[in-house]
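**Q** Quick one: the structure is below, questions incoming.
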Amino acid sequence: MGDGALSVWERSSTARVVPSARPRKLAKVPFVELADGRLQGVVSSGSDIGRVYVSSVEAGTYAFACSTNNNRPCGGARGSFCNHIRALIGEAVLQYGAERVVRYLKVDVPGEEADAHTVTGAMVSTRPAQGDSSAAAQVFSRFLRHLAYLEFEPTTAPLPEMQWFPTTRAVA
């Protein structure tokens, strides 16, 4: 993708905006990120519209955690990946592409082309332990921060809280 396809703010940004590998619907998994050595995100509850789950899988060990936004444990994450974590992995593959997810989580997918099913299967086959859900509050907080930007009117003017980003023409 050359500079001609990028908008003015993308060209002047110090961090490149990476497009999604494929478009995805945000209803089931509204927030997914590869950060802090984990695949982590927010997954909507299938039964209660007011409840979301904060799920994560640690890179390398595949230790997993899943709890509600008010820190109640997920009933399905006992001994193996629950449906929330499986949905998170599927959406991460759509958002970032299977190769990037495999590389970040350090998953060994033997001789197959990676997709969400094979990535999940490779991690589950290692029988990962249930991890610590202490990062759930931070992940949920970042999700809420992203939601707050949806309330702003579209503008090209700088946002005051984003002023700590350096301009591209600043001289150090």
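The values are calculated or read from the model by the stated rules, or taken from the named source; none is laboratory data. Remember, predicted model here, so these are calculated numbers, not experimental data. Cβ: placed from backbone, ideal geometry, glycine included. Neighbour counts: every protein chain shown. Note: accessible area is taken over every heavy atom of the protein model, side chains too, but ligands, DNA and RNA are not part of it. Shrake-Rupley method; radii C 1.70, N 1.55, O 1.52, S 1.80 Å.
**Q** What ratio of Cα Rg to 2.2 N^0.38 Å holds for segment 28-70?
**A** Dividing the Cα radius of gyration by 2.2 N^0.38 Å gives 1.17.
**Q** Restricting to Cα pairs below 8 Å that are 6+ residues apart, what does the relative contact order work out to for segment 82-161? Please round to a whole percent.
**A** 20 percent
**Q** Residues with amide H under 5 Å of Asn69's amide H, sequence separation 5 or more or different chain, H placed in the peptide plane at 1.01 Å from N; which?
**A** The answer is Val52, Val54.
**Q** To continue, here is another question. Please give the peptides 92-98, 145-151 ranked by average Cβ packing (other Cβ atoms within 10 Å per residue), highest first, as a rough proxy for protection.
**A** Listed from highest to lowest mean packing, they are 92-98, 145-151.
**Q** Another question about this same structure. Over all directions, average the projected area of the Cα convex hull of segment 31-145 and note it in nm².
**A** If I average the Cα hull's projected area over directions, I get 6.5 nm².
**Q** Charges only on Cβ, +1 for Lys and Arg, -1 for Asp and Glu: so what's the dipole of segment 31-145 about the Cα centre, in debye to the nearest 20?
**A** 380 debye
**Q** Considering only protein heavy atoms, what per residue accessible area in square angstrom results for segment 31-145 with a 1.4 angstrom probe?
**A** Ligands and nucleic acids excluded, the result is 50 Å² per residue.
**Q** Further question: Give a residue-ordered list of calculated ³J(HN,Hα) values for segment 60-75 (Karplus: 6.51 cos²θ - 1.76 cosθ + 1.60, θ = phi - 60°; whole Hz; x for Gly, Pro).
**A** Values, residue by residue: x, 8, 6, 4, 10, 9, 8, 8, 6, 5, 10, 6, 8, x, 6, x Hz.
**Q** Output wanted: per-residue J couplings in Hz (rounded whole) for segment 92-106, from phi through Karplus 6.51 cos²θ - 1.76 cosθ + 1.60, θ = phi - 60°, x for Gly and Pro.
**A** Running phi through 6.51 cos²θ - 1.76 cosθ + 1.60 with θ = phi - 60° gives 5, 5, 5, 6, 10, x, 4, 4, 5, 5, 4, 5, 5, 7, 6 Hz.
**Q** For Arg38, which sequence-distant residues (separation of 5 or more, or a different chain) have an amide H within less than 5 Å of its own amide H, given hydrogens modelled in the peptide plane?
**A** Answer set, sorted by chain and number: Ala59.
**Q** Can I ask one more? Based on the Cβ-Cβ distance from Ser141 to Arg24, what FRET efficiency comes out when R0 is 30 Å, to the nearest 0.05?
**A** E between Ser141 and Arg24, to the nearest 0.05, is 0.85.
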